[in-house]
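Presented below is the structure to which this report refers.
The values are calculated or read from the model by the stated rules, or taken from the named source; none is laboratory data. These figures come from a predicted structure and were not determined experimentally. A quick note on method: Cβ atoms are made from the backbone with ideal geometry, for glycine too, and the neighbour counts reach across all protein chains shown.
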Amino acid sequence: MADETTPPTQKTTGSGKASEPDLITQCKQRFFTRKTVEQMKAEAAAHPHKLRRTLTAIDVTAIGIGSIIGAGIFVLVGVAAATKAGPAIILSFIVAGIACFFVALCYAELASTIPIAGSAYTFSYASMGELIAWMIGWDLILEYSMGGLAVSIGWSGYIVEGFASAGIHLPTYLTAGPFVEGGFVNLPAVFIVLLLTFILVIGTKESARFNLIIVIIKVSVLVFIIIVGMRYFDGGNLSPFFPYGGLGVFLGAGLIFFAFIGFEAICTTAEEVKNPEKNLPLGIMMSLIICTILYILAATVLVGMVPFYELNVPAPYGTAFRMNDAPWAAGLISLGAIAGITSVLLVSLLAQPRVLFAMSRDGLIPKKIAQVHPRFGTPYIATLTVGIVVAFMAAFLPIEVVAELVNIGTLFAFTLVCLAIPVLRKKDPDLHRPFRTPLVPLVPLLGAGFSIILMLSLPPLTWFRFFLWLGLGFIIYANYGYYKSKLKQEVCQ
């Protein structure tokens with residue numbers, strides 16, 4: 001091979017060794033040296049610790065749905081309708097779904113072409129080189145860890161509220177961290193994180209079955225909302241349809257966009273999927289299509305049940321049913337919300353260790369993390385590490401500190417994955433692509449452009465924290481990953 005994926009020819013001294021200046025130049029070029037897809041597949045096959053391929057197309061699709069449907073549809077839809085779009089929130093969901101569809105098409109091509117654990121980290125290594133791969137891998141640590149942390153705290157809040165509605169009031173010092181008045185430690189959040197971590201350690205297939213049960217519950221609740229809610233639908237509530245003007249549709253889309261993200265977690269399980277070239281793209285696209293249809297129908301029912309300005313509440317569907325003299329439905333809706341949050345947390349705790357597994361296998365973080373349990377076939381050290389760290393942070397941190405960091409981390413990953421499509425198409429035009437993104441470079445540029453616009457809408461403090469995190473990651477890479485990298489050992493030997 002003669003492209004940048006191979007080391008440059010060394011100049012030798014009389015002794016036959018590479019001269020020191022040329023070796024330094026060669027090692028510097030390593031930052032942007034790519035690994036070929038064939039090289040990645042060979043290294044994964046030769047690695048002593050292998051993940052077991054146990055996931056079917058149904059499992060993969062359920063993982064996607066489990067990661068997508070969460071608090072977003074049960075909470076954000078009301079806020080977006082009341083303050084941004086009004087009844088036109090229906091169109092906002094269509095716009096947001098189309099935007100995510102562009103990104104999903106890019107993920108589908110890369111997942112089918114590079115069915116290796118690591119998701120955007122692995123895709124970046126194959127298209128842009130080690131330094132960019134490290135940045136996106138470090139970013140994914142932020143996305144999944146902070147996402148799991150935020151969701152676990154939210155889960156705790158729903159549980160506390162559920163007990164309170166039953167007349168059982170749990171003490172604040174055991175259900176909230178020290179940043180909350182009267183709080184000390186958030187034990188419900190710690191409990192759910194450690195419980196799901198245990199399930200993930202004992203097997204990926206077992207975790208997928210558990211996730212499938214939860215997905216069935218929350219999808220059933222959404223179908224219940226749609227069918228029963230139609231009984232109380234009043235077309236008069238849809239007028240005026242554009243109370244905030246046409247711009248409100250896009251402002252609403254920007255807010256509810258985060259109810260769609262999660263399908264990318266499917267790619268982290270690439271090495272555990274049967275027939276990944278077919279099942280990964282199928283799972284990505286089917287999960288997004290199913291969720292988009294459910295979202296549009298559920299949003300239509302919601303704004304038809306009550307006037308949109310009544311929906312700026314934490315539990316909009318429960319409010320809508322109570323206003324229509326159907327308070328009995330609120331408990332079932334709360335069950336759906338808890339199920340939704342639980343599956344999102346499960347997938348976050350599933351995805352993060354797979355990213356660490358891929359980075360460890362490349363030598364960028366300690367190799368011990370890539371160990372697979374001899375009986376369960378899971379990356380148990382990475383899973384336990386993530387579970388313990390997230391549980392500890394969930395015990396003491398408030399949700400407000402971490403929520404926006406999840407958003408910017410996800411959008412950064414979306415942007416690089418979309419840009420990786422035209423880059424890899426140019427550098428490896430003959431690469432076997434079982435699924436091909438249509439209309440390249442238009443679709444990838446639309447996906448990247450929409451992601452960048454949403455990133456720019458986030459507050460300056462979020463950007464400051466994000467760059468602080470990336471800076472910390474670069475320091476770690478410069479002092480550990482750079483020297484321990486497997487690629488460095490191959491190029492700079």
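Taken as a whole, region 156-178 holds at least one residue that is surrounded by fewer than 18 Cβ atoms within 10 Å (Cβ to Cβ), in contact (Cβ under 8 Å) with a residue 40 or more places away in the chain and in a loop (DSSP other than H, G, I, E, B). Residue count for region 84-130 satisfying the condition of being of a type in the set (A, V, I, L, M) and more than 25 Å from D430 (Cα to Cα): 10. Per the listing V386, V372, V344, the residue uniquely surrounded by fewer than 23 Cβ atoms within 10 Å (Cβ to Cβ) and in contact (Cβ under 8 Å) with a residue 60 or more places away in the chain is V372.
When T410 is tested against the conditions (1) modelled with pLDDT under 90; (2) of a type in the set (S, T, N, Q); (3) within 21 Å of G129 (Cβ to Cβ), the lone failure is (3). Within region 227-243, can one find any residue that is among the acidic types (D, E) and at pLDDT 90 or above? Taking every residue of region 227-243 in turn, at least one turns out to be among the acidic types (D, E) and at pLDDT 90 or above.
Would you check which residues across region 446-493 are within 18 Å of I408 (Cα to Cα), surrounded by 13 or more Cβ atoms within 10 Å (Cβ to Cβ) and aliphatic (A, V, I, L, M) and list them? Correct list: L446, A448, I452, I453, L454, M455, L458, L470.
Among the residues here, L468 does not qualify as outside any helix (DSSP H, G or I) and among the hydrophobic types (A, V, I, L, M, F, W, C).
Only one residue in L200, L212 is in contact (Cβ under 8 Å) with a residue 24 or more places away in the chain and surrounded by 21 or more Cβ atoms within 10 Å (Cβ to Cβ). Which one?
Just one listed residue meets the conditions, L200.
The condition of being crowded, with 19+ Cβ neighbours inside 10 Å, aromatic (F, W, Y) and touching a helix residue (DSSP H, G or I) at 6+ places or on another chain (Cβ under 7 Å) holds for only one of Y309, Y380, that being Y380.
Per-residue answers, yes or no, for (1) closer than 20 Å to I284 by Cα; (2) free of Cβ contacts under 8 Å to residues at least 40 places away in the same chain; (3) in contact with a helix residue (DSSP H, G or I) (Cβ under 6 Å, 6 or more places away or on another chain); (4) hydroxyl-bearing (S, T, Y):
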residue: P398; (1), (2), (3), (4): no, no, no, no
residue: F414; (1), (2), (3), (4): yes, no, yes, no
residue: F467; (1), (2), (3), (4): no, yes, no, no
residue: L470; (1), (2), (3), (4): no, no, no, no
residue: Y480; (1), (2), (3), (4): no, no, no, yes
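Residue pairs whose Cβ atoms lie under 6 Å apart, separated by 6 or more positions or on different chains, with the first residue in region 45-70 and more than 15 Å from L345 (Cβ to Cβ) and the second of a type in the set (A, V, I, L, M, F, W, C) and in a loop (DSSP other than H, G, I, E, B), are H49/V372. Scanning region 89-128 for residues that are surrounded by fewer than 24 Cβ atoms within 10 Å (Cβ to Cβ) and closer than 13 Å to F263 by Cβ yields G97, A99, F101, F102. In region 442-457 there is at least one residue matching the filter, namely being among the polar types (S, T, N, Q) and under 18 Å from the mean Cα position of the chain (by Cα).
Against the criterion of being over 30 Å from V355 (Cα atoms), buried (at least 21 other Cβ atoms within 10 Å of the Cβ) and hydrophobic (A, V, I, L, M, F, W, C), L247 does not qualify.
Within region 256-267, one or more residues are modelled with pLDDT of 90 or more, closer than 24 Å to I289 by Cβ and either crowded, with 17+ Cβ neighbours inside 10 Å or among the basic types (K, R) (or both). Hey, any hits in region 428-435 for a residue that's in contact (Cβ under 8 Å) with a residue 40 or more places away in the chain and surrounded by 21 or more Cβ atoms within 10 Å (Cβ to Cβ)? There is no residue in region 428-435 that is in contact (Cβ under 8 Å) with a residue 40 or more places away in the chain and surrounded by 21 or more Cβ atoms within 10 Å (Cβ to Cβ).
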